[in-house]
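Encoded as structure tokens, the structure appears first; notes follow it.
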Amino acid sequence: MGLNSFFTTNRGEKIDNPRYLIKSEEKLAKIQRWHSRKKLKSKNRGKSRLRVAKLYEEITNQRLDFLHKLSTKLIKSFQLIAFEKLNIKRMTRNEYLAKSISDASWGVFLQMLTYKAAEAGIWAVEISSQNTSQTCSGCGNIVPKTLATRKHKCHKCGLKIDRDINAARNILNSALNTVGTTGINACGVGRLLPTMK
Ligand SMILES: [Zn+2]
């Protein structure tokens with residue numbers, strides 16, 4: 001599963017998780033595996049537990065820093081930011097640690113966007129996640145896709161674009177309909193769905 005990416009916008013920008021963060025998280029997973037093999041109560045186990053805790057704190061700080069900078073940048077660039085409601089059910093069903101970290105940081109990111117938007121007096125619009133990836137952003141036709149389908153291809157209007165950009169456009173359209181405003185500088189952000197292997 002591809003965990004490198006963070007979000008995509010309706011304009012086609014894709015934001016990846018920073019390289020240093022991916023590296024730190026890989027390092028943490030390695031130490032955790034090593035830690036779990038140590039014998040209980042041994043001196044080494046105490047030492048490795050300290051290393052895990054220190055690295056975990058370091059990663060948390062790095063992540064927060066990344067999320068703060070990213071959310072501030074969006075708030076400064078747009079008057080309306082639309083995003084999809086976080087799917088809690090999908091999160092708890094998740095068994096991969098790295099994936100849960102990425103889900104958790106997405107939740108923190110949306111919280112940051114929401115309070116920063118309120119402070120700045122701009123719109124942060126949360127919309128329901130129904131059909132955002134299946135609907136054609138060009139004509140509204142439903143185009144069924146599995147997670148493995150990376151391209152959106154509509155036989156009705158002929159639109160062919162990246163599936164995540166199509167979803168981000170739907171998120172933005174839905175938010176603009178909710179707010180009832182047009183002609184403002186607005187941005188839709190969607191999660192980049194992992195590439196199935
Ligand atoms: Zn279409």
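Some notes on this structure:
- Shown is the FRET efficiency for Glu119 and Thr149, computed with R0 = 45 Å from the Cβ-Cβ distance and rounded to the nearest 0.05: 0.70.
- Packing, taken as the mean count of other beta carbons within 10 Å per residue, orders the peptides 133-140, 8-15, 115-122 from highest to lowest as 133-140, 8-15, 115-122.
- Cα gyration tensor, region 21-61 - rounded (a/c under 1.5), prolate or oblate: oblate
- Listed residue pairs exceeding 24 Å between alpha carbons, taken from Lys14/Lys73; Lys23/Lys160; Lys76/Lys153: Lys23/Lys160; Lys76/Lys153
- For Gly188, net neighbour charge (Lys/Arg +1, Asp/Glu -1) across residues whose Cβ lies under 10 Å away: +1
- Less than 5 angstrom separates the built amide H of Val143 from those of Thr135, Cys136, all sequence-distant by 5 or more or on a different chain.
- Förster radius 30 Å - calculated FRET efficiency between Leu50 and Arg19, Cβ distance, rounded to 0.05: 0.70
- Amide H contacts of Val125 (H built 1.01 Å from N, in plane; Pro and chain starts excluded): Ile81, Ala82, Phe83 sit under 5 Å, all sequence-distant by 5 or more or on other chains.
- Highest to lowest packing among 77-84, 25-32, scored as the average C-beta count within 10 Å: 77-84, 25-32
- FRET efficiency estimate (nearest 0.05) - Cβ-Cβ, Lys69 to Lys43, R0 41 angstrom: 0.55
Laboratory data are not the source of any read-out in this text; all were calculated from the coordinates shown. Quantities reported herein were computed from a predicted structural model and do not represent experimental measurements. Quick reminder, even Gly has a Cβ in these numbers, built from the backbone with ideal geometry, and neighbours come from all protein chains shown.
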